[in-house]
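> Let me begin by handing over the structure; questions about it come next.
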Amino acid sequence: MSLIDGEPDRRSYANVRQAAWQVMAITSREGVTAPETRQRSGIKSTKISTIVTAKNDTVQNVTAKVVTVEEVSAEDEPMETEISEVLEILRRPLPSGSVLEFVVSEGGYKKIIEEREAFNRKYRVSYDGKSRTAIICFPTYLHEASGGLVIDSMVSEAVRMLQNAGVGDDVTSRIRRIGPATIDSSSDGSYKEPDGLIVFEDSESDNAFRIVLEVGFSQTYSSLNRACLWWVEQGEAPVVVSLCLTENNKSSGAATMVFRTTEERDAQKQRYIDAFNTQRRQEHRPLGPLVYNGYTWFGTLRDAFFETYRATDSVVAKSEPVYLVKDGVDISDGISRDLRAIKVGDFVPYSWLSDDILRRSAVNFLRPQTFMQMLSDAIFRTALNRVKNTFALEE
């Protein structure tokens with residue numbers, strides 16, 4: 001799924017609704033049904049809504065969301081039937097890239113987390129305490145690989161620069177990336193799970209969070225922007241880096257393929273692998289599209305760009321976007337490797353590093369060739385995962 005801009009083309013509304021219901025068939029025990037509004041205890045009403053980008057009557061991208069239209073009151077805890085329905089949906093297979101939103105209490109959010117931990121589910125959950133909305137994302141391989149490479153590259157380059165300047169391990173060893181983590185804010189009752197987090201481990205400082213990374217490949221740009229602003233405005237992190245990835249022209253609604261044996265399934269999977277690799281390398285399409293039998297399993301990576309958010313004395317300063325890919329063209333050779341914003345001083349508190357010249361030095365962590373190769377490989381893996389989601393064996 002991709003970052004989605006603008007409003008849907010209403011001419012293709014029927015196609016959008018059909019595609020969304022194919023994605024969200026899991027909300028009905030009988031399969032795909034027509035949209036309906038249901039009344040029950042604890043949840044006022046539920047419906048399916050979609051946000052799309054469409055062109056020439058062809059659905060390009062679809063985000064299906066389960067949302068509650070009317071929130072439960074702040075005084076009421078949601079009924080057990082409400083949470084049970086949410087958990088029932090999360091226990092069923094969902095494709096990577098899916099985004100679901102539920103209005104629940106803080107207690108409901110915590111039950112979702114307990115369910116994830118108990119069954120080792122691979123999704124991320126953020127909770128907005130003001131709107132009482134839980135946002136559940138099922139990341140794609142492209143999303144995960146991009147975030148991992150950015151965070152690792154930033155930490156490695158900052159440590160290298162400090163070591164070359166003669167700074168000892170007592171400082172550099174404290175710069176660390178943190179794996180999956182949930183950050184809670186007492187100011188508004190929110191819980192966030194960033195795509196990447198760099199900390200400086202100092203038990204005597206209340207400013208351990210140094211840089212937060214947010215990757216957008218399964219949400220709108222406005223939603224990504226709000227997520228980045230939250231970290232700075234709540235005082236949780238002084239610097240936020242966002243990586244925005246936009247996919248165009250992926251097909252939707254692929255039919256399930258049922259195989260009698262694992263050998264038949266694996267042989268068909270290999271045909272997809274061979275076709276995708278031919279398109280990537282021989283046909284020089286490292287950024288897509290990846291197509292097989294007339295179906296586009298990954299569209300074109302239209303845009304990939306970085307932005308940074310920084311706390312100042314009175315406002316949040318946002319940088320101009322730095323593009324690696326623009327309009328489907330790799331322009332990474334011409335980018336500023338330091339993003340024009342990330343400095344050594346962003347990784348280490350002033351009390352540990354007072355050398356102003358070193359603190360102001362740009363961290364040139366981007367290696368364009370390495371990063372673009374990662375994008376191409378991750379696009380391939382994402383397309384293949386989408387294929388595998390449509391494969392099934394006869395029971």
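Every number here is computed from the coordinates shown, using simple stated rules; none is lab data. Bear in mind that the values here come from a model prediction, so they are computed numbers and not experimental data. Neighbour counts run over all protein chains shown; Cβ positions are idealised from the backbone, glycine included.
> Please sort by residue number the chymotrypsin sites (Phe, Trp or Tyr not before Pro) in the range 336-395 whose DSSP state is loop and whose Cβ has at most 15 other Cβ atoms within 10 Å. Don't skip to the answer; put the middle values down first.
Details: sites: PHE347, TYR350, TRP352, PHE365, PHE371, PHE380, PHE391; in loops: PHE347, TYR350, TRP352, PHE365.
Answer in residue order: TYR350, TRP352.
> Provide Rg over Rh for the range 270-354; use the alpha carbon set for both Rg and the Kirkwood Rh (inverse mean inverse pair distance).
1.21
> Would you grab the residues whose amide H sits under 5 Å from the one on SER361? Only those 5+ places off in sequence or on another chain, please, with H modelled 1.01 Å from N.
Close amide H contacts, sequence-distant or interchain: VAL344, GLY345.
> Fewest first, what order do PHE259, PHE200, PHE102 take by the number of other Cβ atoms within 10 Å?
Ordered by Cβ neighbours within 10 Å, fewest first: PHE259, PHE200, PHE102.
> Which pairs in the list LYS110/LYS192; LYS111/LYS192; LYS111/LYS388; LYS110/LYS130 are over 23 Å apart, alpha-carbon to alpha-carbon?
Numbers: LYS110/LYS192 12 Å; LYS111/LYS192 16 Å; LYS111/LYS388 30 Å; LYS110/LYS130 16 Å.
Beyond 23 Å between Cα atoms: LYS111/LYS388.
> Hey, another quick one. Set the Förster distance to 35 Å, then compute FRET efficiency between GLU117 and ASP169 from the Cβ-Cβ distance, nearest 0.05. Present the calculation step by step, with values, prior to reporting the outcome.
Details: r = 34 Å, r/R0 = 0.98.
Between GLU117 and ASP169 the formula returns 0.55.
> Taking K and R as +1 and D and E as -1, what net charge do the other residues with C-beta under 9 Å from the C-beta of ILE175 add up to?
Neighbour charge sum, excluding ILE175 itself: +3.
> Still on this structure, please answer the following. Please identify the trypsin sites (Lys or Arg not before Pro) of the range 213-303 that satisfy two criteria: DSSP loop assignment and at most 12 other Cβ atoms within 10 Å. Which are they?
Numbers: sites: ARG226, LYS250, ARG260, ARG265, LYS269, ARG271, ARG280, ARG281, ARG302; in loops: LYS250, ARG260.
Hits after loop and neighbour filter: ARG260.
> Jot down the per residue volume, in cubic angstrom and as a whole number, of the convex hull over the alpha-carbon atoms of the range 305-354.
It is 84 Å³ per residue.
> Turning to a different aspect of this structure: Take every Cα pair under 8 Å in the range 255-395 that's 6+ residues apart, average their separations, divide by the length, and report that relative contact order as a whole percent.
RCO, the range 255-395: 29 percent.
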